[in-house]
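Enquirer: Here you go, one structure.
The values are calculated or read from the model by the stated rules, or taken from the named source; none is laboratory data. For clarity, every value in this text was computed on a predicted model and none was experimentally measured. As a convention, Cβ positions derive from the backbone with ideal geometry for all residues, glycine included, and neighbour counts pool all protein chains shown. The area values use the complete protein model at the heavy-atom level, side chains included, leaving out ligands, DNA and RNA. Shrake-Rupley method; radii C 1.70, N 1.55, O 1.52, S 1.80 Å.
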Amino acid sequence: MTKDRPWVMRTYSGHSTAQASNELYRLNLSKGQTGLSVAFDLPTQTGYDSDHALARGEVGKVGVPICHVADMDTLFADIPLDQMNTSMTINGPAAWLLALYIAAAERQGVGPEALQGTTQNDIVKEYLSRGTYIFPPEPSLRLISDVITYTVKNVPKWNPVNVCSYHLQEAGATPVQEVAYALCTAIAILDTVRDSGRLEAAEFTAAVGRMSFFVNSGVRFIEEICKLRAFGQLWDNVTRERYGVENPKFRRFRYGVQVNSLGLTEAQPENNIPRIVLEALGVTLSKDARCRAMQLPAWNEALGLPRPWDQQWSLRIQQILAFETDVLEYGDIFEGSKVVEGKTNDIRQAGWAEVERVTEMGGVISALGYVKEQLVASHTARVRNINAGDHVVVGVNKFTETAESPLYTGNSSAILKVDEEAERDQVARLEAFRTERTQADVEAALLSLRDAVKNAENIMPASIQCAHAGVTTGEWTQTLRDIFGEFRAPTGIAGAAAVPNVSGKVGDELEALRMRVRKTADILGRPLKVLIGKPGLDGHSNGAEQIAVWCRDAGMEVVYEGIRLSPEQIVTSARDEGVHLVGLSILSGSHLRLVPEILTGLRQEGLDNVPVVVGGIIPEDDAENLRQAGVARVYTPKDFKMLRILSDMVDIAEEAA
Amino acid sequence: MKEKALQIDVSALVNFNRQAIALALNLLEDRRPRLQAQALTLLDELSTLPAPAHVVGITGPPGVGKSSLIARLIARQAQISRRVAVVAVDPSSKVSGGALLGDRGRMQISLQAEVYARSFAARDRLGGLSREAFSAVFLLRHCCDVVLVETVGVGQSETDIASLADTTVLVVQPFSGDVLQFLKAGVMEIPDILAVNKADDQALAQQAVSDVQTALALERGSFDQGSLEGSWQNPVLAVSAATNLNIDTLDDAMTAHYQHLQSTHKLGNKRADQTMAWAVGEILHEVGQRGLAILGGVEGVRSLWGEQTQQWSAIRKLATLLDRVRYRA
């Protein structure tokens, strides 16, 4: 019996600087990891250099900062790029990071035709969930299309796009929604490529064949198996019917996976290990719908940044699954199963119906507001069910009694702390790099970039020229910003239906809270008005959106402005709007920088009496710091009870009045 | 509970000090009796001062891009060094009484520009202007050059905005058949300016503009025949917030309308008529037809209004009339 080849094993990682990340990558490879998955920091993902005002406090926090080709060289030092399979989680400036990767490979003596890997390059889910978009939809799709047409001709082993259903599930999507909206995205992208007329028929077919997906796998792993089977069948259908691809090889549903982060808990975090194992089973058990690549989160992700040992534990799960168990030894074990087939059909049919609905609205870009509202509504329902106990989360809303864990004491001892010096170090190297490059080359390269953008030529050759000339991430992106403009995605909250009648205990509590909120207006003199703000570059807005919707449903007047606000903007809004309380949501780890700036700003505007509460992935030491600085309350993922948070907010606002 | 006596600096207020404006608007919203009294005193003081600002109502159905259009108008005002206040009204949830105030995010207000923006929940005034928004505009008229008021609605609620704004701009998008029906049927007053947004597609925009012109011509035909010289020709403009198309033209049209009101000496009367329409609306809302009858109907209100102390603000005058109904022996 021949065993199947195992999937590519990766760990999503990167932090501090290119050098620190390179050391981590080489360590991970030495432990048997077979590919790399690069996490970029938020300034890089949103197209800012490390010394930009908006980058303050964010450099090296959630990933590695890459400002120029020398950073890219360092990131892959002693890693031969002709032998590596690298996945890059990059979207807004995907074309640029690919150009830097190609340039770094050329500097290693490796040509583009030898490169293997993936650029995520899916802007739609950035608008819907992840938030690191830069440009409006039309030019964004053009950039994606440019990357596809370039790689099909020049980097044939590259996956130019990883259409992400992953972040849709994180934003609350049901399996049907996950499948449907990801397919809509793939259709929007391939339609753009087809209509650009840049590819011959055979090349276009190859481009269809290079499309890959990045999916999510939750703990309901049987449903997930069915979801992936349905996904594959629908993709086969779309590629054949819509794009006329005859060769089954180019119609294959190829996907990588990161298993669910949404379901990982801060309470009893060791329970996340069995969750991760079951989720990994969901994407490996069925040969017909098995992943091509897998990355697993660490058990302590809800606490903070995982340490190398935590990542190793997750890699070992993959290795045990591939090399100790027998999953790779059989054909498809679900073939002929009535149950699996039935569930698969259900998801396929409902998924296709939703694809058709979006198509009728003119496609996913036209329907962005609708899709976002659907996701917010699903997520609201999920949170409600967890609060009501209908959706069991072990250790969170059931079986909460626990012995003390020997794995960690408190939060802060079991996570990685990013060296605060890393930002200064990075900025210093950026400044040195700028003085050492040849200015005339930089200007010439930027000029050809501008021409390529304006003349609708493919962006890649000029971008690679820019990379070699020493152009920085900020300069490349600013050139495009000047021409394309920027974009603000819909928040989806206005259309999220109110929760009129919630049954049971949660319903009673919500009703009681509404009464309280009404009474508070007598004490405050006017209805309770709150500002929910997302400072910094972090675009993960699901939490903030939920709080905003729940505050509204509890009877508060809620000012919500979306993502990427500067501390000054938040202070100005709090002042102009006359709010009674400010709630901040930060998941990027930059809370120690951003929150004190906001507190200072409020004081300067004479708003000392406006209390501030903060929610996010905040280790206990940092939480204590924030409370010392004047924050009224800090909430972390273990505070899942929405109504308790809301009732706290009412108390705090009343006390401050 | 502490009821801090708020110290509002009137000279800071009329000089567009945004901290002072915010405090003053907090005070106007406050329902506690002592603070309400203070608010009335402030408004009375202001009513003796000039109210130079041009109040522009921007209204239209949901989703036509009013906030994005306002974003462009704000940027334009900043260019010509005008101070702008924005009042945005969003509906309140009938179920919970809460509201999501999201317009601010779409307005992309630059921190450098001289802009003050405040969102209001419509509260119990469905789709229309809340009492709070009205008094806010009343105050803001004294503090800046332009007040932009954004409200959602097609049909009846326009009467609300028209009773507050010097100039009403109705925003529609191509193929707004229902809006045209409202106009034709006379359900809706003719706006002073009609802006067809999303005019990125030239052909569509031209078609939409001519549709609207036809509808307006019908409407005008029934009202304006043999109209006096110097009447306002309600312009229909194709604009695009997305591409910044004709935003200057729209702004110029707004200014031209204001100048038209001033040069034809209509502004004073218009504001007086507005105040009366607003007062009657409020009386109906607060104490109903019976209450209005007690005051002698619309004519009674008009004459009682004239008898009140000239220095009083409209809001105090209204409050006094309402008290008359509520506390009548």
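Enquirer: If I filter segment A:526-534 for residues that are over 30 Å from A:SER448 (Cα atoms), facing chain B (nearest Cβ under 7 Å) and assigned to a helix (DSSP H, G or I), do I get at least one hit?
Expert: No, the conditions are met nowhere in segment A:526-534.
Enquirer: Among the residues of segment A:601-634, how many are open to solvent by less than 60 Å² (accessible area, probe 1.4 Å) and part of a helix (DSSP H, G or I)? Walk me through how you get there before you give the answer.
Expert: Of all residues in segment A:601-634, those open to solvent by less than 60 Å² (accessible area, probe 1.4 Å) come to A:601-602, A:605-607, A:610-619, A:622-623, A:626, A:629-632, A:634.
In the following step, the residues that additionally are part of a helix (DSSP H, G or I) were identified as A:601-602, A:622-623, A:626, A:629.
Count: 6.
Enquirer: Now, a different point. Considering only segment B:1-12, state which residues are within 14 Å of chain A (Cβ to nearest Cβ) and at pLDDT 85 or above.
Expert: Of everything in segment B:1-12, those that are within 14 Å of chain A (Cβ to nearest Cβ) and at pLDDT 85 or above turn out to be B:ILE8, B:ASP9, B:ALA12.
Enquirer: Shifting gears a bit: With a cut-off of at least 2 residues that are aliphatic (A, V, I, L, M), name the helices (runs of 4 or more DSSP H) lying wholly within segment A:35-119.
Expert: By residue number, A:69-75, A:94-107.
Enquirer: Kindly provide the set of residues from segment B:153-168 that are modelled with pLDDT of 75 or more, touching a strand residue (DSSP E or B) at 6+ places or on another chain (Cβ under 8 Å) and not acidic (Asp, Glu), ordered by number.
Expert: If we filter segment B:153-168 for residues that are modelled with pLDDT of 75 or more, which is where we start, we get B:161-168.
Cutting the leftovers down to touching a strand residue (DSSP E or B) at 6+ places or on another chain (Cβ under 8 Å) gives us B:161-162, B:164-168.
Answer for segment B:153-168, where residues must be modelled with pLDDT of 75 or more, touching a strand residue (DSSP E or B) at 6+ places or on another chain (Cβ under 8 Å) and not acidic (Asp, Glu): B:ILE161, B:ALA162, B:LEU164, B:ALA165, B:THR167, B:THR168.
Enquirer: Moving to a separate point now. For segment B:210-229, state whether one or more residues are at pLDDT 70 or above, over 26 Å from B:LEU140 (Cβ atoms) and buried (at least 23 other Cβ atoms within 10 Å of the Cβ).
Expert: Taking every residue of segment B:210-229 in turn, at least one turns out to be at pLDDT 70 or above, over 26 Å from B:LEU140 (Cβ atoms) and buried (at least 23 other Cβ atoms within 10 Å of the Cβ).
Enquirer: If we scan segment B:248-257, do we find a residue that is open to solvent by less than 60 Å² (accessible area, probe 1.4 Å), under 27 Å from B:GLU45 (Cα atoms) and part of a helix (DSSP H, G or I)?
Expert: No - not one qualifying residue is present in segment B:248-257.
Enquirer: Of all residues in segment B:309-329, which are hydrophobic (A, V, I, L, M, F, W, C), out of contact with any Phe, Trp or Tyr (no Cβ under 7 Å at 6 or more places or on another chain) and either open to solvent by less than 20 Å² (accessible area, probe 1.4 Å) or without any contact (Cβ under 8 Å) to a residue 12 or more places away in the chain (or both)?
Expert: Once the filter is applied, which keeps residues that are hydrophobic (A, V, I, L, M, F, W, C), out of contact with any Phe, Trp or Tyr (no Cβ under 7 Å at 6 or more places or on another chain) and either open to solvent by less than 20 Å² (accessible area, probe 1.4 Å) or without any contact (Cβ under 8 Å) to a residue 12 or more places away in the chain (or both), segment B:309-329 yields B:LEU318, B:LEU321, B:LEU322, B:VAL325, B:ALA329.
Enquirer: Take the residues in segment B:55-108 that are of a type in the set (Val, Ile, Thr) and more than 17 Å from the chain's Cα centre (by Cα), then tell me which one is surrounded by the fewest Cβ atoms within 10 Å (Cβ to Cβ).
Expert: B:ILE80
Enquirer: Here is a check on your reading of the model: is A:VAL579 more than 9 Å from chain B (Cβ to nearest Cβ) and within 22 Å of B:ALA85 (Cα to Cα)?
Expert: yes
Enquirer: Here's another thing I want to ask about it. When B:ASP30 is evaluated against the numbered criteria (1) over 21 Å from A:ASP522 (Cα atoms); (2) free of Cβ contacts under 8 Å to residues at least 60 places away in the same chain; (3) within 13 Å of another protein chain (Cβ to nearest Cβ), which criterion, by number, is the only one it fails?
Expert: Of (1) over 21 Å from A:ASP522 (Cα atoms); (2) free of Cβ contacts under 8 Å to residues at least 60 places away in the same chain; (3) within 13 Å of another protein chain (Cβ to nearest Cβ), only one is false for B:ASP30: (1).
Enquirer: Select from segment A:259-310 the residues that are in a strand (DSSP E or B) and at pLDDT 95 or above and list them in ascending order.
Expert: Scanning segment A:259-310 gives A:ALA293, A:MET294, A:GLN295.
Enquirer: For segment A:573-600, how many residues are open to solvent by less than 30 Å² (accessible area, probe 1.4 Å) and not in a loop (DSSP other than H, G, I, E, B)?
Expert: Of the residues in segment A:573-600, 16 are open to solvent by less than 30 Å² (accessible area, probe 1.4 Å) and not in a loop (DSSP other than H, G, I, E, B).
Enquirer: Turning to a different aspect of this structure: Could you list, in sequence order, all residues of segment A:539-572 that are hydroxyl-bearing (Ser, Thr, Tyr), within 7 Å of chain B (Cβ to nearest Cβ) and surrounded by 24 or more Cβ atoms within 10 Å (Cβ to Cβ)?
Expert: Correct list: A:TYR560 only.
Enquirer: Within segment B:62-117, which residues are among the polar types (S, T, N, Q), touching a residue at least 40 places away in the same chain (Cβ under 8 Å) and within 12 Å of chain A (Cβ to nearest Cβ)?
Expert: B:SER67, B:SER68
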